[in-house]
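Report on the structure given below.
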Amino acid sequence: MIRWIMVLVFAISLAAQGWGQSLAGQGLPGQNTPGQAAPAEVSKGQTPTAPTVAAKPDAPPPANPEDPLEQFRNFSALMVGTVLPHDEREGHIYRSGNQLRMEGMENRGYFITDLTTFDTYGLSIMGCASMKEPYLRSFPFMLSGHNHKVVRVPAGKDTVDGHPCQVEEATYTGGLAQPWRLRLWEAQDLHGFPVRIEVQHGPNNGVPAVIQYKDVVLGPQDPTLFIFPKDCAELPEPGEKEPAESPKPPLAPPAH
């Protein structure tokens with residue numbers, strides 16, 4: 001059985017922090033149990049040949065001027081790192097409204113996550129599988145548009161990769177299992193886009209994860225990037241068991 005390894009790694013790494021609890025009144029699905037099947041990844045540039053459907057029509061998010069992430073609803077970038085500490089892997093990311101497209105690990109295959117419902121579709125040469133979990137690289141933009149309470153505190157100025165930045169601390173609470181504290185380097189020449197983010201996991205201030213965005217391009221994205229096959233197999237909901245395989249008849253004893 002082919003494993004959806006990176007999704008499970010993300011789920012397991014956040015399970016101890018109550019990531020499966022509700023998000024702004026919407027139940028964020030719980031973690032998948034190990035052993036659930038999913039498609040293998042594909043090389044960059046390959047596209048499934050199955051009939052496809054476009055992503056759901058976009059709807060504007062709830063107005064929250066305190067959220068520094070909400071204004072960036074259309075962009076592309078090279079994402080370096082993830083919400084996991086010490087992760088320095090790279091992958092391209094594209095956002096169009098509520099839809100986020102992300103390259104799989106090692107640049108194989110890609111995932112599309114709806115930031116409103118957290119429905120995710122993983123595509124590969126083996127086909128397509130869907131689940132109700134946001135993909136690893138959707139953080140921190142998965143926090144935006146859910147009417148969380150956000151407290152922002154200025155933290156000085158700095159320069160990142162040649163971008164003059166306003167640095168600030170943003171703490172997300174309300175509808176979350178725990179507070180999420182982000183330190184953002186907002187590039188002034190990119191209308192405040194956060195080119196660097198340090199993530200503190202919850203109230204214990206553990207080892208921060210570092211996420212950087214390079215080659216940022218703001219503006220509308222190609223809608224064909226957010227198309228997935230209409231016959232995506234749905235993974236079982238958390239807690240559900242996969243259908244058991246039919247028992248095989250015992251082998252006949254060898255003839256004497």
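The values are calculated or read from the model by the stated rules, or taken from the named source; none is laboratory data. Small disclaimer: the values here were computed from a predicted structure and weren't measured. Every residue, glycine among them, receives a Cβ derived from its backbone with ideal geometry; neighbour counts consider all protein chains shown.
crowded, with 17+ Cβ neighbours inside 10 Å and at pLDDT 75 or above: does that describe Gln71?
No; evaluated as a whole, the condition is false for this residue.
The numbered conditions (1) buried (at least 18 other Cβ atoms within 10 Å of the Cβ); (2) over 11 Å from the mean Cα position of the chain (by Cα); (3) modelled with pLDDT under 90 are all true for Gly104 except (2).
Yes or no, residue by residue, for (1) without any contact (Cβ under 8 Å) to a residue 40 or more places away in the chain; (2) within 17 Å of Glu70 (Cβ to Cβ):
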| position | (1), (2) |
| --- | --- |
| Ile112 | no, no |
| Leu115 | yes, yes |
| Glu133 | no, no |
| Ser138 | yes, yes |
| Asn147 | no, yes |
| Ala155 | yes, no |
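Considering only residues of the stretch 80-101 that are among the β-branched types (Val, Ile, Thr) and part of a loop (DSSP other than H, G, I, E, B), which is surrounded by the fewest Cβ atoms within 10 Å (Cβ to Cβ)? It comes out as Val83.
Only strands (runs of 3 or more DSSP E) whose full extent lies in the stretch 114-224 are considered here, and the ones with at least 2 residues that are more than 25 Å from Met102 (Cα to Cα), modelled with pLDDT of 90 or more and not acidic (Asp, Glu) are 149-160, 163-173. If the condition is being in a strand (DSSP E or B) and over 12 Å from Leu225 (Cα atoms), then the stretch 102-112 contributes only Arg108.
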